[in-house]
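Read the structure below first, then the notes.
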Amino acid sequence: MFSMVIVLRIYPQHGIPGFIVNLATFCVAYAVRPAPTDANPYDVRVPFLVSDIAMQVAFTAAFIVLNLRLHANSRARFVATALAEGARRRANSEMEAVDALLQRALPLPVLQRMAESGTEIQDVAERATVVMVGVSGFDHWARQHGYSDAALALHAAVVAIDALVATERHVEKISATGDGYCVVVGLPEAVACHASVGCRFARRVLQSLRANNETAANAASAHDENAPADPVCHPAWTTQALSLRSAVHTDTAFGGVLGTRRLAYAVYGAGPDGALAALDHTPPGTLGITDATRRRLAEEAALYASDPESQALFASPGDVTNGTELVEDV
């Protein structure tokens, strides 16, 4: 019996009953043994039987205790391994959440460089395109309906624009402050057709808002209660009390991570300054481009329009002058 205890590493709750059954079987066999005969003489030595039973009891008890300690050590190692694995998975999950938050706050190329060289990130682009999106009628709506409701309307628009930025490969959101929204094309990584990408994105912003408003108006007129709710369907937008305008400017721009707390990738220089100035002269609901952007659009058409994978907005430089009104009036 004790050999089974050793090989199988039986627990006490299993080994003790097994030993008792084994001992009972031994006693029953001793009780029903046949009587000695001349053909089968044998001599029963009681002291030998007692010593044999005592040895089995001692060995079985010793190995049960040994197995108990071995199982306790194995369980302790298993529990420690399970706890370590759980801690590792929780740490990985938290790191993934932190990475996701950082990727929302900073461009991916900037994060990769920060992992190698720290926060001292400074980029220079001789020419990059900055798109400014502004809200017209915000102050008037806020005075009539309160700044809390105006903030909800602004949040709805920013959420919609964020969704568009997420679908654009080369468009990087810089900030959304007050009633303005700023993106850059050409920083932190160079983009060949940055003016075309910027104008196309600015046009998509205005078209998307207009399409959302038309969808909301149609759903409201049809009293479709099952129509999905769109985050931009705020009364300020559906009634056109608020409207967007976009301005695009191409110039020198600098980008970098400033400071060490609440990190953000900031863009400054002639690019964002020119876009902000152009936004002040852009009528509501329209897209305004500067002469610098117009010239860059012509250069991109001349250099890249023949490439099938080009992102150039126009097919030739001559189309820029004739087609600019299409860009301005969306």
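Here, each number is a calculation from the coordinates, and none is a lab measurement. All values derive from a computational prediction rather than experimental measurement. Every residue, glycine among them, receives a Cβ derived from its backbone with ideal geometry; neighbour counts consider all protein chains shown.
Descriptive notes on the structure:
- Under the Karplus curve 6.51 cos²θ - 1.76 cosθ + 1.60, θ = phi - 60°, whole-Hz ³J(HN,Hα) for region 265-279, x wherever Gly or Pro sits: 8, 9, 10, 9, x, 5, x, x, 5, x, 5, 5, 5, 5, 5
- Taking the chain as a Gaussian network of alpha-carbon nodes connected by springs under 10 Å, the highest mean-square fluctuation of the residues L83, L164, L297 belongs to L83.
- Rounded to whole numbers, the Karplus 3J(HN,Hα) couplings from phi for region 160-168 are 5, 5, 4, 5, 5, 4, 5, 8, 9 Hz, using 6.51 cos²θ - 1.76 cosθ + 1.60 with θ = phi - 60°, and x at Gly and Pro.
- Dipole in debye (nearest 20) - the chain, about Cα centre, beta carbon charges: Lys, Arg +1; Asp, Glu -1: 1840 debye
- Choice from G180, G86, G288 showing the highest fluctuation, given a GNM over the chain with Cα pairs closer than 10 Å: G86
- Share antiparallel - DSSP beta bridges, the chain, percent rounded to 5: 90 percent
- Long-range HN-HN contacts of I174 with modeled amide H, under 5 Å: C182, V183, V184
- On Cα atoms only, tilt of 12-31 relative to the major axis of the chain in degrees: 20 degrees
- Rounded tilt (10° steps) of 46-105 against the dominant C-alpha axis of the chain: 0 degrees
- Cα centroid separation, region 170-205 to region 18-58 (Å): 95 Å
- Most mobile listed residue (Q103, Q56, Q144) in the chain, GNM with C-alpha springs under 10 Å: Q56
- Note that region 281-288 has calculated 3J(HN,Hα) couplings of 10, 9, x, x, x, 10, 10, x Hz, one per residue in order, obtained from phi through the Karplus relation 6.51 cos²θ - 1.76 cosθ + 1.60 (θ = phi - 60°); glycine and proline are x.
- Other residues within the sphere of radius under 12 Å centred on the Cβ of P188, judged by their own Cβ, net out at -2 (K and R +1, D and E -1).
- Electrostatic tally near V110: other residues with Cβ closer than 14 Å to its Cβ, Lys and Arg +1, Asp and Glu -1, net -3.
- Rounded to the nearest 500, the helix-only mean residue ellipticity at 222 nm of the chain stands at -20000 deg cm²/dmol, with each DSSP H run of n ≥ 4 adding -39,500 (n - 2.57).
- log₁₀ of I(q)/I(0) at q = 0.07, 0.11, 0.14, 0.16 Å⁻¹ - the chain, Debye sum with one point per alpha carbon: -0.49, -0.83, -1.13, -1.30
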